[in-house]
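To keep things clear, I will list the structure first and then write my remarks on it.
Any read-out appearing in this document is the output of simple, stated calculations on the displayed coordinates, not a laboratory observation. Predicted model only: the values in this text are computed from it and were never measured. With ideal geometry, Cβ positions are generated from the backbone for all residues, glycine too; neighbour counts draw on all protein chains shown.
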Amino acid sequence: MRRHACACGGVVGEDEEEATKAQEISPNEGLWEAAWAGDLEAVKMWKAKGGDANWMHQWKPPGRSRQFTALHAAADQGHKEVAKYLVESCGADIDKSVCYGQTPLQHIAGRAGEGRSEVGAYLKMKAAAKAVLAAQRLARIATSDKAAKEKKKAEAGS
């Protein structure tokens, strides 16, 4: 708790401060900040308010503009449960690249830090599953194309 500046000597609670801050930022920025902080409950709250997990923050982290999505932020900070929620419940794109071309997995690859290896293993597993599904779709397309050609050939021969 802290005292606020007016003469009444009133006390402003931390919850009230957080509520005031929450009113000042957009759902996208709120979700991003919560992902960076590893606050899963706040991520859920901001998602419910319309936060987009694929939104790229314009100013954070400092250095380049439009560089991190919420998934990049969670991965960078080693927050596996937040990263998992972003992917599985918020539709975060594991292949979304930052302005300099790195996906969340590429960004954390080879970088030491608590939780990063766990997030990296999770993202690798999701990437592999995505690749398998893509290969299965291509196989179904190829099979249906082949069947259609054989049917046409059979019809032309009769």
Extension reserve of the residue 54-residue 96 stretch, reckoned as 0.36 nm per residue once the Cα distance is removed: 14.4 nm
Residue order, fewest to most beta carbons within 10 Å, for 116, 111: 111, 116
Shape call, region 37-158: gyration tensor on alpha carbons, a/c limit 1.5: prolate
Cα-Cα over 24 Å, subset of 47/126; 49/126; 60/126: 49/126; 60/126
Linear extension gain, residue 140 paired with residue 128, 0.36 nm per residue minus alpha-carbon span: 2.5 nm
Net dipole in debye of region 26-157 [+1 Lys, Arg Cβ; -1 Asp, Glu Cβ; about Cα centre; nearest 20]: 700 debye
Residues 119, 98, sorted so that the one with the fewest Cβ neighbours within 10 Å comes first: 98, 119
Rel. contact order, % - alpha carbon contacts under 8 angstrom, at least six apart, region 44-156: 21 percent
